[in-house]
Every structure is written in C-alpha cells, then in structure tokens.
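Asker: Pasting in a structure now, in structure tokens, and then I'll have a few things to ask.
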Amino acid sequence: MGVSAVVSMYAGDIANVFAQSAKANDGKVHLIWLPLGGDTGCTVSMLQASNPNLIDAVTDLQVSADFWQALMTPDYDFGWVSAGYTSEDKAHVPLMNAAFGNAPVDVLVVEGTPQIGTPPGGSPGDYCWIGEYNGKPASGYQLLQKLAAKAGWVVAVGQCSSFGGIPAGKGNLTQAVPVTKALKAAGVTTKNPVVNIAGCPAHPDWTLVTLASVLQGFTPELDELGRPKAFFSSIIHDNCPRRGAYDMGQFAQSFDDPVGCYWKLGCKGPITNSSCAVTKWNSGTSFCTQSGPMCWGCMHPNFPDSPTSPFFNQVELTPTFLGLNVDTVAEAAGIGTAVVLGVHAVHHAMTSKKKTDQTETPRTKGESQ
C-alpha cells in the first residue's frame with residue numbers, strides 16, 4: 001500500500017485508534033520514550049507533527065506518556081506535574097517503575113543510539129547512564145534490555161536508533177549500534193519485530209501513523225531492514241521535482257541552480273529510500289531537493305558513512321548503457337530523450353537489484369570501533 005493511501009486511511013481516525021487502545025488498557029496506553037545517544041532532534045521533530053498534533057495526541061487521545069525526559073517540564077504537563085515527577089530527584093521514577101517494576105509498557109519508543117561498549121574500569125553500556133536504581137546508576141543499555149523485553153512494541157524512531165546514525169559512524173569508541181543489534185547482542189527477544197523509522201530526524205507524521213497502526217493491532221508491513229514499506233519503498237530520486245532535469249541531462253553546477261539536477265554535486269537521492277518527496281515536511285510544505293539543498297541521504301542505513309559520504313562526492317553507483325553514464329548523459333540529450341530515459345531505466349533496475357548488498361545494506365564497519 002502506498003504512503004498516500006496509508007496516511008489517508010489513518011490520519012482521520014488516529015484519535016479513535018488511540019482511544020480504543022486506551023480503553024483496552026484501563027483507559028491508558030502506556031508509552032515510554034527512551035533517550036539514548038542522540039541530540040533529541042526526533043523529539044523536536046515530533047513537536048511539529050500535524051497528523052495529529054503531538055500535544056493533542058498525548059492529552060486528548062488518552063495515551064499515557066509515562067516517561068519522555070525531554071518534555072518533562074511544567075510547560076508540557078502530560079500528568080508529570082500533577083504526579084510530582086518534574087523535580088530532578090523524581091523525574092526517573094516512572095522509567096524505573098517500567099523497567100524494574102510492574103508498571104506496564106505498551107510501546108517503547110527509542111530515540112538515540114544504544115552504546116554497548118565498556119569504558120575503562122566500567123561495565124557494558126556505561127558510556128550512557130540514565131538516572132539511578134537502588135542507589136546505583138542505570139545504563140541506557142540496561143534499561144533498553146528491560147523495557148524491550150516487556151514492551152508490546154519497540155519502535156526505533158530516527159536514524160540513530162534505527163541504524164546507528166552519527167554516533168555509530170566510523171571511528172566511534174563507544175560501540176554505538178542500532179537498537180536491533182544491541183538487543184541481539186544482549187540476547188533479548190521482543191514480542192513483535194522492532195519497527196525502524198529512519199531519518200535524521202524521523203518524519204513526525206510517519207511516526208504517529210506507525211504508532212497508530214501498532215496500537216490498533218496491525219503489524220506494519222516491513223521491509224528487510226524493519227522499515228514500514230509505506231514510507232520506505234520508493235527512491236527519492238524517482239519522485240524528485242528535479243528528475244526532469246536529470247532526464248534531460250541538465251545538471252546543476254552550484255546549489256543556487258533553480259532547476260538543475262544535483263547529482264553531480266553529491267545528491268544522495270538516487271540511493272536513498274524514502275517518501276520525503278511524497279509526504280514532504282513541515283505539514284507538507286517541502287523537502288530537501290525542493291527547498292534548495294541536495295538530499296544528504298539521512299535515511300540511508302549507512303548514513304553518515306559511505307556511500308552517503310563524502311557528502312559532496314557524486315554517487316558512484318551509476319551503471320553505463322551504450323557508453324553513457326551520468327557524466328555523458330547531457331551529451332546524449334541531444335540525440336533523443338528516449339535514450340536518456342533508457343539510461344535512467346537501466347540505472348533504476350540495476351540499483352534495485354543491488355539494493356540489498358550495496359545500496360541499502362546497513363554499515364558493517366564503524367559499529368564497534
């Protein structure tokens with residue numbers, strides 16, 4: 001099912017989805033938002049959600065966000081203020097009750113990269129501590145294991161939790177890895193497949209639609225990397241408003257070119273699967289190649305490592321056909337658009353064929369360096 005159909009199906013009924021799920025759980029759907037190695041960018045993105053508005057989703061849809069550290073302030077009273085959990089010594093009580101106690105966890109949302117390495121003199125996961133339990137620091141890795149084992153669903157929101165992102169980039173010293181690999185290393189089995197919503201940051205509407213889906217009892221159709229197919233089945237390049245320029249062999253020489261294709265400048269749209277060009281961002285206003293800069297490949301499983309970097313290097317996965325490639329396609333434009341379209345067709349077919357082992361294979365280097 002295409003992304004437009006999914007959004008149309010769920011956007012209007014999302015309130016009822018959450019409300020019905022809440023009734024089945026004594027009036028509340030219990031959600032834990034676990035922050036690990038990251039910059040809270042996905043939380044900031046969620047504040048800009050429009051299908052529905054995040055505050056409405058939490059307050060009006062009967063979702064109990066039992067722990068969401070970045071928002072646990074008097075400005076966002078989702079029950080924390082009235083429960084007395086906004087002070088420094090009390091803020092982690094709901095989290096510890098969920099991880100070590102009997103508090104329910106219907107959905108665990110993970111933002112940020114698990115760091116499973118062992119610092120000198122420490123234990124695995126000690127690079128990241130989140131609060132204390134029984135007077136001892138609790139590591140993010142330990143909390144992840146406890147929460148993921150009991151949660152009905154685990155949703156990795158953003159590039160860091162889905163595929164490691166920048167914290168897991170080449171040269172990292174903390175053994176930062178994706179959520180799925182951290183759980184595998186710990187021998188933790190989840191009740192349902194981990195759902196990966198890639199992106200730096202993750203698209204807020206995709207996250208809420210996915211949460212609505214799992215809470216209604218549907219298992220999202222996932223690809224081989226655990227991503228919802230509704231949002232990660234198409235290549236950005238194929239729906240880019242500058243695709244016509246590519247077909248005509250018109251390549252931008254600078255980023256202020258209003259129409260030229262950014263391929264030669266390093267655009268990663270040809271190797272990145274995402275529906276950015278369909279749903280767009282900021283309430284459907286725009287997305288990267290439409291608003292000006294190129295696609296950085298932030299939803300590619302290897303971001304920010306190769307092949308998404310070096311950022312300004314031309315993508316190398318460009319097959320040749322009848323002696324043509326991206327460097328000579330402009331010359332070919334003069335002999336007929338059909339030939340140029342043929343080059344694109346061959347490129348698309350070969351890229352799709354190589355997607356699993358070249359284009360869309362998560363990083364194998366840099367995970368535990």
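Asker: Hey, does the stretch 145-164 have a residue that's hydrophobic (A, V, I, L, M, F, W, C), under 23 Å from Leu211 (Cβ atoms) and surrounded by fewer than 21 Cβ atoms within 10 Å (Cβ to Cβ)?
Answerer: So far as the stretch 145-164 goes, yes, one or more of its residues are hydrophobic (A, V, I, L, M, F, W, C), under 23 Å from Leu211 (Cβ atoms) and surrounded by fewer than 21 Cβ atoms within 10 Å (Cβ to Cβ).
Asker: Follow-up. Against the condition surrounded by fewer than 24 Cβ atoms within 10 Å (Cβ to Cβ), of a type in the set (Asp, Glu) and at pLDDT below 95, how does Glu132 come out, does it pass?
Answerer: Yes.
Asker: Which residue, of Val214, Val209, is touching a strand residue (DSSP E or B) at 6+ places or on another chain (Cβ under 7 Å), at pLDDT below 90 and not acidic (Asp, Glu)? Working first, answer last.
Answerer: On the way: Val209 fails: touching a strand residue (DSSP E or B) at 6+ places or on another chain (Cβ under 7 Å).
The unique qualifying residue is Val214.
Asker: The conditions are (1) surrounded by fewer than 19 Cβ atoms within 10 Å (Cβ to Cβ); (2) under 29 Å from Thr40 (Cβ atoms); (3) touching a Pro at 6+ places or on another chain (Cβ under 8 Å); (4) not assigned by TED's automatic domain parsing to the domain that holds Cys298, and Glu221 fails exactly one of them. Which is it?
Answerer: (2)
Asker: Given the stretch 115-230, what helices (runs of 4 or more DSSP H) lie entirely inside it while holding 2 or more residues that are in contact (Cβ under 8 Å) with a residue 24 or more places away in the chain and under 15 Å from the mean Cα position of the chain (by Cα)?
Answerer: The qualifying helices (runs of 4 or more DSSP H) are 159-163, 179-186, 204-215.
Asker: Go through the stretch 62-113 and give me each residue that's in a loop (DSSP other than H, G, I, E, B), of a type outside the set (A, V, I, L, M, F, W, C) and touching a residue at least 40 places away in the same chain (Cβ under 8 Å).
Answerer: Selection gives Gln62, His92, Pro104, Asp106, Gly112.
Asker: I've got another one for you. Give the stretch 115-129 a look and list any residue that's touching a strand residue (DSSP E or B) at 6+ places or on another chain (Cβ under 7 Å) and either more than 16 Å from Gln69 (Cα to Cα) or surrounded by fewer than 18 Cβ atoms within 10 Å (Cβ to Cβ) (or both), or say none.
Answerer: Those that are touching a strand residue (DSSP E or B) at 6+ places or on another chain (Cβ under 7 Å) and either more than 16 Å from Gln69 (Cα to Cα) or surrounded by fewer than 18 Cβ atoms within 10 Å (Cβ to Cβ) (or both): Gln115, Gly125, Asp126, Tyr127, Trp129.
Asker: Can you name the residue in the stretch 254-296 that is of a type outside the set (A, V, I, L, M, F, W, C) and in contact with a Leu (Cβ under 8 Å, 6 or more places away or on another chain) and, of all such residues, is nearest to Asp205 (Cα to Cα)?
Answerer: Looking at the filtered set, the residue picked out is Pro270.
Asker: What is the one condition in (1) surrounded by fewer than 21 Cβ atoms within 10 Å (Cβ to Cβ); (2) modelled with pLDDT of 85 or more that Gly12 does not satisfy?
Answerer: Gly12 satisfies every listed condition except (2).
Asker: Going by the structure shown, is Ile197 touching a Pro at 6+ places or on another chain (Cβ under 9 Å) and either aromatic (Phe, Trp, Tyr) or modelled with pLDDT under 95 (or both)?
Answerer: Answer is no for this residue.
Asker: Would you please name the residue that is surrounded by the most Cβ atoms within 10 Å (Cβ to Cβ), looking only at residues in the stretch 235-256 that are of a type in the set (D, E, K, R) and under 14 Å from Cys295 (Cβ atoms)?
Answerer: Restricting attention to the stretch 235-256, the residues satisfying the condition of being of a type in the set (D, E, K, R) are 238, 242-243, 247, 256.
From the residues that got through so far, the ones that are under 14 Å from Cys295 (Cβ atoms) too are 238, 242-243.
Numbers: Asp238: 12, Arg242: 23, Arg243: 17.
Of everything passing the filter in the stretch 235-256, Arg242 is surrounded by the most Cβ atoms within 10 Å (Cβ to Cβ).
The values are calculated or read from the model by the stated rules, or taken from the named source; none is laboratory data. Keep in mind the model is a prediction, meaning the values are calculated, not measured. Note: ideal-geometry Cβ built from the backbone for every residue, glycine included; neighbour counts use all protein chains shown.
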